[in-house]
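Shown next, in structure tokens, is the structure this report addresses.
The values are calculated or read from the model by the stated rules, or taken from the named source; none is laboratory data. Quick caveat: nothing in here was measured; it's all calculated off a predicted structure. Cβ atoms come from the backbone with ideal geometry, glycine included; neighbour counts cover every protein chain shown.
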Amino acid sequence: MSNTPTVYIVDDDKMACLSVAALVSSKNLAYACYLSAEEYLEKFVPGLPGCLVTDLKMLGMSGLDLQKKMVELQSTLPVILITAYASIPVAVESLKEGAYAFLEKSCLERDLWQTIQGALRQNRQLLAQREERLALEKIFATLTDRELEVLRRIAQGQPNKQVALALSVSVRTVEDRRRRIMQKVGSQSFAELMRLVVKAEQFLQTGR
């Protein structure tokens, strides 16, 4: 999988697509053009770095529909919507749906490039967060069900005695499980363990 960021350009107007591509290319950045949202989705590969620049109004799936689809796919690619027909309600809807930006096609190249740069920065952050989360989930997956239950209760602020009573085990058993948890997770302190728990909170809530 390539680590080189790519600007994915989706527009059923070939000249408009090539115009954005020329700008991206002039900045020594990779790009890929698609003449429909459907074509792009057929070739979409999750996890690749970059951003998506798409026209709002296209034959078939619209840019806004594509944005919503990217959200469904849990894509980390920030989406920049561009249009020749500016509409405040549509702009507001797109941003609520998670679009990175909404621009008019008449905007200056400088503004488009600055927006693309911002989208790429956001993408790097999102990819880094995803990698960290996956690493944490892999670590927490080594815990047994009993250890996870102890960890959940400790994270809720329950003292060892209360945990022991709730689980019908001895305090020493809780302490032993807590010690094994810290060893498996690699935490040197309780505070560090809680920091990791917060980052993997959803994983701990849903279990495996």
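Okay, here's what the table says:
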quantity	calculated
Count of residues meeting criterion [farther than 18 Å from Ala84 by Cβ, within 21 Å of the chain's Cα centre (by Cα) and not in a strand (DSSP E or B)] in the stretch 4-48	11
Single residue of the stretch 104-157 satisfying the filter (in contact with a Gly (Cβ under 9 Å, 6 or more places away or on another chain) and not basic (Lys, Arg)) that is farthest from Pro49 (Cα to Cα)	Asp145
Subset of the stretch 90-127 that is acidic (Asp, Glu), free of Cβ contacts under 8 Å to residues at least 40 places away in the same chain and assigned to a helix (DSSP H, G or I) - its residue that is surrounded by the fewest Cβ atoms within 10 Å (Cβ to Cβ)	Asp111
Near pairs, Cβ below 7 angstrom, 6+ apart or cross-chain, from the stretch 174-200 (within 18 Å of Gln162 (Cα to Cα)) to any residue that is of a type in the set (S, T, N, Q) and in a helix (DSSP H, G or I)	Val174/Asn160; Glu175/Asn160
In the stretch 60-89, the residues that are small (Gly, Ala, Ser) and either within 14 Å of the chain's Cα centre (by Cα) or not in a helix (DSSP H, G or I) (or both)	Gly60, Ser62, Ser75, Ala84, Ala86, Ser87
From the options Val7, Val79, Val20, Val53, residue that is in contact with a Ser or Thr (Cβ under 8 Å, 6 or more places away or on another chain), buried (at least 18 other Cβ atoms within 10 Å of the Cβ) and either modelled with pLDDT of 95 or more or outside the structural domain of Trp113 (by TED's automatic domain parsing) (or both)	Val79
